[in-house]
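These notes concern the structure reproduced below.
What follows draws every value from the coordinates through simple rules; no lab data is involved. The structure presented is a predicted model; accordingly, all values stated were derived computationally and were not measured. Every residue, glycine as well, gets a Cβ built from its backbone with ideal geometry; the counts of neighbours run over all protein chains shown.
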Amino acid sequence: MMPARLAIVLTLLLVGCAATPPAAYYTLAPTATVSDASSHQAIGVALDDFPEALDRSEIMVRTGPNRLSVTELHRWAGPLKRQFLRTLTENLVRLTGSRNIAFAPWDERFEPQLRISIALLQFDGAPDCQVTLRARWSIADADGSNRRIHASELCQVAGPDYPDLVMTQNRLIERLAREIATALDAQ
């Protein structure tokens, strides 16, 4: 009698495992359109601080003012920190018209005239909820002088599913890039 019960339990476990849907993988991507602007300044972009809770493969969603939850079946296709920095940099390339922008760590032969340093404070949300990007960032000359410090808090409501959430995050990165590009124009 025991082997029959064991077989039933094992069968139920296998059926349960077979019913689990596969994980979906997402990437961030630049959304800015190429501008007519043309800049020849060498600009280095560094992400100096990144929320530790977001530095994981699973997408974290905000479920309360002080609570994040892990989504096991919705994952980043690569490290979120690197995707964020790459996407922001590519948006800056498109907005400024400069092909001479690199993100840290850059090649030792690259000598930026301006350095953009970013501390990402918040970058989260949930489907059908507000998505928030909060950052402090600065622009400085190559030697660190003439540093101007800025703060950005960008919010937008996401659509009903995870692709919408990621697209909203892409748009917020573009908006941050636009604020930085505007500040670069004012330099």
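If you plug each phi of the range 142-156 into the Karplus form 6.51 cos²θ - 1.76 cosθ + 1.60 with θ = phi - 60°, what whole-Hz ³J(HN,Hα) values come out, in order, with x for Gly and Pro?
4, 8, x, 7, 6, 6, 10, 9, 10, 9, 10, 10, 10, 9, 7
Karplus couplings for the range 173-185 from phi (6.51 cos²θ - 1.76 cosθ + 1.60, θ = phi - 60°), rounded to Hz, Gly and Pro as x?
5, 4, 4, 4, 4, 5, 4, 5, 4, 5, 5, 5, 4
Pull out the extension gain between residue 69 and residue 111, defined as 0.36 nm times the separation in residues minus the alpha carbon to alpha carbon distance; nm, one decimal.
Contour length minus Cα-Cα distance gives 11.0 nm.
Looking only at the range 2-185, where both bridge partners belong to it, what percent of the DSSP beta bridges are antiparallel (to the nearest 5)?
Of all bridge pairs located within the range 2-185, approximately 70 percent are antiparallel.
Can you list residues whose amide H is under 5 Å from residue 74's amide H, if they're 5+ apart or on another chain and H is modeled 1.01 Å from N?
24, 59
Between residue 82 and residue 121, what FRET efficiency follows from the Cβ-Cβ distance if R0 is 25 Å, with the result rounded to 0.05?
Working from the Cβ atoms, E equals 0.85.
Can you list the HN-Hα couplings for the range 57-62, worked out from phi with the Karplus curve (6.51, -1.76, 1.60; θ = phi - 60°), rounded to whole Hz and with x for Gly and Pro?
Values, residue by residue: 6, 6, 6, 9, 10, 7 Hz.
Take every Cα pair under 8 Å in the chain that's 6+ residues apart, average their separations, divide by the length, and report that relative contact order as a whole percent.
Result for the chain is 24 percent.
If packing is taken as the mean number of other Cβ atoms within 10 Å per residue, what is the order of 165-175, 103-113, 151-161, highest first?
Averaged packing, sorted descending, gives the order 165-175, 151-161, 103-113.
Calculated from the structure, Kirkwood radius over Cα pairs in Å equals which of (i) 17.4; (ii) 18.4; (iii) 15.7?
Label (ii) holds the value from this structure.
Please arrange 35, 117, 145 by counting, for each residue, the other beta carbons lying within 10 Å of its beta carbon, fewest first.
The most exposed by this proxy come first: 145, 35, 117.
Can you tell me the FRET efficiency between residue 100 and residue 20 if r is taken as the Cβ-Cβ distance and R0 is 45 Å, rounded to the nearest 0.05?
0.45
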